[in-house]
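Heads up: the structure comes next, in structure tokens.
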Amino acid sequence: MLVKKAEFIISVAEVDKILPKGLPEIAIAGKSNVGKSSFINFLTGQKKLARTSSEPGRTRLLNYFKINDEFNLVDLPGYGFARVSDKEKGKWAKLIDTYLLESENLKHVFLLLDLRHEAGEHDKMLARFLYHNNIPFTIIATKADKMSRNAQEKAKTVLSASIGVGRENVLLTSSLSGQGRDTVEKRISQILE
């Protein structure tokens, strides 16, 4: 699926504001510093659709983006590096859990991981949560441009083993070089079929 049109719709801070039955949704999950906003901008071809920041943890809400009037991308708050109180992190966790478990629109999760690093404990916990609740997901390995092709393939094997998915469920991407956009678009088409 070629992304031709993308627009921001709404930010949601409370569980009772999660969008009711409507367009299918693909959630974007990952650590605060993995490049979720950059990934959304890369995929949509819009440099400023999702706000990027040099400070991790700026996404604090569910941010909805309508794509081609066919589906929504939902950017979830990141985990791991945000400098906020435990109370605030607890609020995010409740919002994310409720969305993942109760959204009638959720079809798939793109779990973003930095290709240069092994999956962390938070990444593995989220993957186990998705497995346990039968929520389909794909690993989007970001920042592939920082490695040689040979190193990318080795890192892909390590990531797939650490999360427990097949190599075909790890898509290599780079928001800088454009690598992997076509494979992500193909995966989206498969999800929406």
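The values are calculated or read from the model by the stated rules, or taken from the named source; none is laboratory data. None of these values were measured; they are calculated from a predicted model. Methodologically, a virtual Cβ is constructed for each residue, glycine included, from the backbone with ideal geometry; neighbour enumeration extends over all protein chains shown.
Pull up the stretch 1-53, narrow it to residues that are in contact (Cβ under 8 Å) with a residue 40 or more places away in the chain and part of a helix (DSSP H, G or I), then point me to the one that is nearest to Lys94 (Cα to Cα).
Checked the stretch 1-53; the qualifying residue nearest to Lys94 (Cα to Cα) is Val15.
Which residues, taken from the stretch 113-159, are in contact with a Leu (Cβ under 7 Å, 6 or more places away or on another chain) and loosely packed, with under 14 Cβ neighbours inside 10 Å?
Asn133
Among (1) surrounded by fewer than 16 Cβ atoms within 10 Å (Cβ to Cβ); (2) in a loop (DSSP other than H, G, I, E, B); (3) at pLDDT below 95, there is one condition Ser175 misses while meeting the rest; what is its number?
Against the list (1) surrounded by fewer than 16 Cβ atoms within 10 Å (Cβ to Cβ); (2) in a loop (DSSP other than H, G, I, E, B); (3) at pLDDT below 95, Ser175 comes up short only on (1).
Within the stretch 178-193, which residues are in contact with a strand residue (DSSP E or B) (Cβ under 8 Å, 6 or more places away or on another chain) and part of a loop (DSSP other than H, G, I, E, B)?
Listed by number, the residues that qualify are Gln179, Gly180.
Which residues, taken from the stretch 54-91, are basic (Lys, Arg), part of a loop (DSSP other than H, G, I, E, B) and either at pLDDT 90 or above or within 16 Å of the chain's Cα centre (by Cα) (or both)?
Correct list: Arg58, Arg60.
Identify all residues within the stretch 139-172 that are part of a helix (DSSP H, G or I) and touching a residue at least 12 places away in the same chain (Cβ under 8 Å); write none if there are none.
Of everything in the stretch 139-172, those that are part of a helix (DSSP H, G or I) and touching a residue at least 12 places away in the same chain (Cβ under 8 Å) turn out to be Ala144, Asp145, Lys146, Gln152, Ala155, Lys156, Val158, Leu159, Ser160, Ser162, Ile163, Asn169.
Ile163 - would you say it is within 18 Å of Gly78 (Cβ to Cβ), among the hydrophobic types (A, V, I, L, M, F, W, C) and touching a helix residue (DSSP H, G or I) at 6+ places or on another chain (Cβ under 8 Å)?
Yes: the conditions hold for Ile163.
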